[in-house]
Amino acid sequence: MKIHEYQARDLLAQHGVPVPRGRVAATPAEARAIAAELGGRVVVKAQIHAGGRGKGRLVARDDTAAMFQRLVADPANNSGQVKGDRIGGVRLADSPAEAEAAAAAILGKHLVSIQTGPEGKLVKHVLVAEQTDVAKEYYLAIIIDGAAATPLIMASSEGGQEIEVVAHNNPDAIVRVNVNPGAGLQPYVGRRLAAQLGFKDDQAAQFGKLVEALYRAFEASDASMVEVNPLVVTTDGRVIALDAKVNVDDNALFRQKELASLRDKDEEDPLEVMAGELGVANFIKLDGNIGCVVNGAGLAMATMDTIKLAGGEPANFLDIGTVNDPQRVVNALKVIIEDPSVKAILVNIFGGMARVDIIAQGVIDASKQLDLKVPVVMRLVGTNLAEGEKLLEESGLQVIRARELADAARKAVEAANTAA
Ligand code: GDP
Ligand code: MN
């Protein structure tokens, strides 16, 4: 789960990471009042669940796709700035009046960045924070290193740009250290990182402390990533976090009640929100036109690959899990047909603990309860196959049957192309 920057920075600050003073605003008048409180020189930052805001651009809803194309085609000439004529989603303001104007220009608009996709994101809040005079920008993050099964600290003296770009152009500029989660972060790690990044004396000490505070925040919030980009040295020698991103592991939300309450469903895909509400876990919306109902994450991946191999595009990833309740199948289909781009549905079930007859019953129930306008291709094997076949036959339901996955994928692509 993602949270907004203004929430992430408060979380980091609670654990001792220095951040500029600031507060969130929903209206230009609020932004003006906060700017006055902070002494007038502030930065006004669009709050959306995507990065690249500084280099993004604000447009009306109807212009997001065209702007996204421009950004992708010619980022150097179309990206935004913090000040000047090509202004983006992060703006410097030198007075409360300028802060109000900046907020008015950002709020209610769509921010398009390389990371938002062609739909952009509607901005409902801005963070108004003390302006920082930046001497140098760095990158610092902690993520879970799945292969090593430990947290991994990544840092770079090439801050302020996306780490993927640094990894591509200048991989040696990134330093990495794995942390044994049992032993926790040892103080030498921060000192060593500081030295590798070229920090000296008091700043090395400040950086070391910041790394420790960031690790405490990471651990305490069950985060899958915390990222500070940029971490900066100010012109008066302080080391502070100028941006903050925190992703919380969804599997920990049951014990992270306070963080769970920060969830902003407006920022999430509406189909994924609907899936969650209907108890259809592991649903991820994609851009194609073939809806997929599959049991098992591996089989779901293989199904998507096979659809692509057959020349089609999956409309979603869905691992329906071990289903022993037909209503779960109905709910999955309900979510899938909510997507207007879906032109065919492929049900691919390998019944192990999940029973084929229950899946078949679910599809039959769905055909009665829902308005299933698109063709359904079913490939069923495994436990209680004969019972499932019998149910389908008796129901008289019109489905396209396939025995093998490759055949099922071809039939689904054909059905989708015929319907499209
Ligand atoms: P992002 O583009 O979504 O990652 O948003 P950031 O919070 O990282 O802001 C983008 C860029 O704006 C940063 O890399 C900084 O260069 C710049 N920036 C943000 N806040 C300040 C500030 O207080 N003072 C100055 N001079 N630059 C800032
Ligand atoms: Mn940033």
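The values are calculated or read from the model by the stated rules, or taken from the named source; none is laboratory data. Just so it is clear, the structure is predicted and the values come from calculations on it, not from any experiment. Neighbour counts run over all protein chains shown; Cβ positions are idealised from the backbone, glycine included.
A few points about this structure:
- Flag for residue 246 being over 25 Å from residue 412 (Cα atoms) and either within 16 Å of ligand 2 (Cβ to nearest atom) or in contact with a Leu (Cβ under 7 Å, 6 or more places away or on another chain) (or both): yes
- Checking the range 212-220 against the condition returns a match, with at least one residue being out of contact with any Gly (no Cβ under 6 Å at 6 or more places or on another chain), touching a residue at least 24 places away in the same chain (Cβ under 8 Å), within 16 Å of ligand 2 (Cβ to nearest atom) and closer than 23 Å to residue 13 by Cβ.
- Here the strands (runs of 3 or more DSSP E) wholly within the range 163-281 that include at least 1 residues being within 16 Å of ligand 1 (Cβ to nearest atom) and surrounded by 14 or more Cβ atoms within 10 Å (Cβ to Cβ) are 223-234, 239-241, 245-248.
- Out of 36, 46, sole residue that is of a type in the set (Gly, Ala, Ser), within 16 Å of ligand 2 (Cβ to nearest atom) and either farther than 25 Å from residue 269 by Cβ or buried (at least 17 other Cβ atoms within 10 Å of the Cβ) (or both): 46
- Screening residue 58 on (1) closer than 24 Å to residue 265 by Cα; (2) among the aliphatic types (A, V, I, L, M); (3) within 16 Å of ligand 2 (Cβ to nearest atom) shows it passes everything except condition (3).
- Among the residues of the range 221-243, those identified as more than 15 Å from residue 141 (Cβ to Cβ) and more than 14 Å from ligand 2 (Cβ to nearest atom) are 222, 233, 234, 235, 236, 237, 238, 239.
- Residue pairs whose Cβ atoms lie under 9 Å apart, sitting 6 or more positions apart in sequence or on different chains, and linking a residue in the range 280-291 that is in contact (Cβ under 8 Å) with a residue 60 or more places away in the chain and more than 16 Å from residue 329 (Cα to Cα) to a partner that is assigned to a strand (DSSP E or B) and of a type outside the set (D, E, K, R), are 289/314; 289/344; 290/314; 290/316; 290/344; 290/345; 290/346; 290/377.
- Residue within the range 136-146 that is more than 18 Å from residue 49 (Cα to Cα) and at pLDDT below 95 present: yes
- Within the option set 345, 358, 349, being of a type in the set (Val, Ile, Thr) and more than 33 Å from the chain's Cα centre (by Cα) holds for one residue only, 358.
- Any hit, the range 254-270, residues being under 17 Å from the mean Cα position of the chain (by Cα), closer than 25 Å to residue 186 by Cα and not assigned by TED's automatic domain parsing to the domain that holds residue 316: no
- Applying the criterion of at least 1 residues that are β-branched (Val, Ile, Thr) and under 14 Å from residue 111 (Cα atoms) to the strands (runs of 3 or more DSSP E) found wholly in the range 1-88 leaves 42-46, 57-59.
- Strands (runs of 3 or more DSSP E) contained entirely in the range 309-420, each with at least 3 residues that are surrounded by fewer than 21 Cβ atoms within 10 Å (Cβ to Cβ): 400-402
- Residue tally, condition in contact (Cβ under 8 Å) with a residue 60 or more places away in the chain and farther than 29 Å from residue 115 by Cβ, over the range 152-194: 0
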